[in-house]
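A short worksheet on the structure shown next.
The values are calculated or read from the model by the stated rules, or taken from the named source; none is laboratory data. On a predicted model such as this, the values are computed, not experimentally measured, just so you know. Reconstructed Cβ throughout: ideal geometry from the backbone, glycine too, with neighbour counts over all protein chains shown. Note: areas computed on protein heavy atoms with side chains; ligands, DNA, RNA excluded. Shrake-Rupley method; radii C 1.70, N 1.55, O 1.52, S 1.80 Å.
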Amino acid sequence: MKNDKFAINISHSEPGPGDAGQTGSWRVERPVLDAAKCIPAKTGKESCFLCWMYCPDGVISRTIPPGFDFQYCKGCGICAEECPADAITMVRETESGDETTGC
Amino acid sequence: MHCIETGNTAAATGVKLARTQVIAAYPITPQTPLTEKLSEFVAAGEMKAEYIPVESEHSALSVCIAASSAGARAFTATSANGLLYMHEQIHWAAGARLPIVMCVVNRGVGAPWSVWNDHQDSMSQRDTGWIHLHAASHQQIIDTVIQAFRIAETVRIPVMVCYDGYLLSHTYMPYEVPDQDKVDRFLAGSAPARLLDPSSPMNLNTVTLPNTRPDVRGDIAPAYMEIRHCLQQDLTRTTAVVEQADRDYRDLTGRGGHPLYECYRCEDAEFIAICLGSLSRQLRGVVDSLRSASVKTGVIALRLYRPFPAEQLVPELDKARGVLVFEKALSYGYEGPLFSELKAALYHGSRRPVLHNCIVGLGGRTITTADLHTALADFCVDPETVRKASPQWIGLAPLK
Ligand code: SF4
Ligand code: SF4
């Protein structure tokens, strides 16, 4: 976004992790996965992954079981809302028992 | 080509000659004939442009913002309350650094409704980060519209070309239309940057955090304050670009030479009147008549209002004993905005002329040459006493 004479700064973001900043610091609640309920975890098959598809920040891995990148998970709860198996619960950060916020 | 046409047609012809690619506008008096003329050009195939009819001025500028982001040369035009309806997007276009050109056909702002000329509309957009150019004649309208695209695309800051509603927009005056090949040469190599590109997807003007952040590559991305500081710096550098555009245009057409302001009989003037737009032409007659009575006066028509060319104006003004600022706008509760700015500009100088402010022609109130003559003549006789009445309203009818 530069030319030699004029700085011409604008704000923009490109696809990729972290281009909206350390969004993990926004989180009030974090998603917690119950592998006993999660469809791919239960069946051992590549299936469902609706959480991976819907996460607006692309921080869920398409793995068995799916994992979360807490450096950027902003805690919006969309994954928990979309999971057809009720396998994701949003837990308050203060009650999650995990001291790491990723930031 | 020599022609006799309206100011609105002069503006539309400039937009056509610049090979504008996207036009989005909503009609409002006294801008309407300008957009009608452009739609005729497009319908007749004289212009290869997308003419996008929209439901409001807010949408008009939004369409231009999108088109300009995709690299298209985009134009809109409006007046008064239509301009105010765009206000949010006016800030946006500047912050997004898009080289949109917009004609503002100056008209008084409601309430109460007025369709007649004053400068309150564009003045109220002063702090949005746009470049403001004022034309004082039909010739200046067409020439300035063409130059505006080059200026905007060089610095990537949108430009408002302002001219007086009715007084210029609807009157017929002779002017020269430059040949297409000259305009093509003038604008060769100039184009809006193409920011939106499917091969490298990007989200533009994303939310900034209070502080800087690393981007996807780990580089430090500017935050709000850096982006705003950069707009300010680039705007102040724009003065030189306006001068360069004028020089190049003059080489091609022989017209110009007054990129920032135009002086009339100012060399030895003891008293200088200064204003925006067509009023300066009326004041030339007043200056001539005072000169024939041995009162050394002159008039300056300010062309570039933002960025404000304070550095260049001060040496023109500080030689004078007095400066009379005629304004068709007011910062309500204080004084004319140009008056405040000139006072501030002259503050640091060693010589400070006496400054006086006259408010004229609001809502199209007739400005008589006799009234202008009296105001300037009285000021020349006793500037110190007269200035105490600033801002002095001229042409007010007495009410019971
Ligand atoms: S949406 Fe629910 S069930 Fe489907 S993969 Fe994600 S956690 Fe598992
Ligand atoms: S959907 Fe929201 S809460 Fe779930 S992982 Fe993505 S960012 Fe975190």
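At-a-glance table
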{"item": "Leading residue by the ranking (most open to solvent (accessible area, probe 1.4 Å)) among those in region B:83-102 that are over 23 Å from B:Ser190 (Cα atoms) and away from chain A (no Cβ under 14 Å)", "result": "B:Tyr85"}
{"item": "Only listed residue being in contact with a helix residue (DSSP H, G or I) (Cβ under 6 Å, 6 or more places away or on another chain) and more than 13 Å from ligand 2 (Cβ to nearest atom), chosen from A:Cys79, A:Cys48", "result": "A:Cys48"}
{"item": "Subset of region A:51-76 [more than 7 Å from ligand 2 (Cβ to nearest atom) and assigned to a helix (DSSP H, G or I)]", "result": "A:Trp52, A:Met53"}
{"item": "Matching residues in region B:186-208 - criterion: being facing chain A (nearest Cβ under 9 Å) and more than 33 Å from the chain's Cα centre (by Cα)", "result": "B:Ser200, B:Pro201"}
{"item": "Residue match in region B:336-343 (condition: under 20 Å from B:Val104 (Cβ atoms), assigned to a helix (DSSP H, G or I) and without any contact (Cβ under 8 Å) to a residue 60 or more places away in the chain)", "result": "yes"}
{"item": "Residue, surrounded by the most Cβ atoms within 10 Å (Cβ to Cβ), within region B:171-185, restricted to residues that are touching a helix residue (DSSP H, G or I) at 6+ places or on another chain (Cβ under 7 Å) and either part of a loop (DSSP other than H, G, I, E, B) or within 9 Å of another protein chain (Cβ to nearest Cβ) (or both)", "result": "B:Pro178"}
{"item": "Set B:Pro309, B:Pro337, B:Pro315: member being within 24 Å of the chain's Cα centre (by Cα) and loosely packed, with under 15 Cβ neighbours inside 10 Å", "result": "B:Pro315"}
{"item": "Boolean, A:Pro15 is within 14 Å of another protein chain (Cβ to nearest Cβ), more than 13 Å from ligand 2 (Cβ to nearest atom) and open to solvent by 60 Å² or more (accessible area, probe 1.4 Å)", "result": "yes"}
{"item": "Matching option when the condition is without any contact (Cβ under 8 Å) to a residue 40 or more places away in the chain and of a type in the set (A, V, I, L, M, F, W, C), among B:Val207, B:Val145", "result": "B:Val207"}
{"item": "Scan of region A:77-94 for residues that are assigned to a loop (DSSP other than H, G, I, E, B) and either open to solvent by less than 40 Å² (accessible area, probe 1.4 Å) or more than 10 Å from ligand 1 (Cβ to nearest atom) (or both), ordered by number", "result": "A:Gly77, A:Cys83, A:Ala85, A:Ala87"}
{"item": "Pick from region B:223-242, criterion within 7 Å of chain A (Cβ to nearest Cβ) and open to solvent by less than 40 Å² (accessible area, probe 1.4 Å), ranking: nearest to the chain's Cα centre (by Cα)", "result": "B:Asp234"}
{"item": "Candidate set: region A:38-48, residues that are more than 28 Å from A:Glu14 (Cα to Cα) and crowded, with 16+ Cβ neighbours inside 10 Å; chosen: the one farthest from ligand 1 (Cβ to nearest atom)", "result": "A:Lys42"}
{"item": "Pair list, Cβ under 7 Å, 6 or more apart: region B:110-127 residue closer than 15 Å to B:Thr78 by Cβ, other residue hydroxyl-bearing (Ser, Thr, Tyr) and assigned to a loop (DSSP other than H, G, I, E, B)", "result": "B:Val115/B:Thr29; B:Asn117/B:Tyr166; B:Asp121/B:Ser79"}
{"item": "Selection count, region B:70-82, where residues are in contact with a strand residue (DSSP E or B) (Cβ under 6 Å, 6 or more places away or on another chain) and crowded, with 22+ Cβ neighbours inside 10 Å", "result": "5"}
{"item": "Failed criterion for A:Phe68 (all others in (1) in contact (Cβ under 8 Å) with a residue 40 or more places away in the chain; (2) open to solvent by less than 60 Å² (accessible area, probe 1.4 Å) hold)", "result": "(1)"}
{"item": "Matching residues in region A:49-67 - criterion: being out of contact with any Gly (no Cβ under 8 Å at 6 or more places or on another chain) and either among the aliphatic types (A, V, I, L, M) or more than 10 Å from ligand 1 (Cβ to nearest atom) (or both)", "result": "A:Leu50, A:Met53, A:Pro56, A:Asp57, A:Gly58, A:Val59, A:Gly67"}
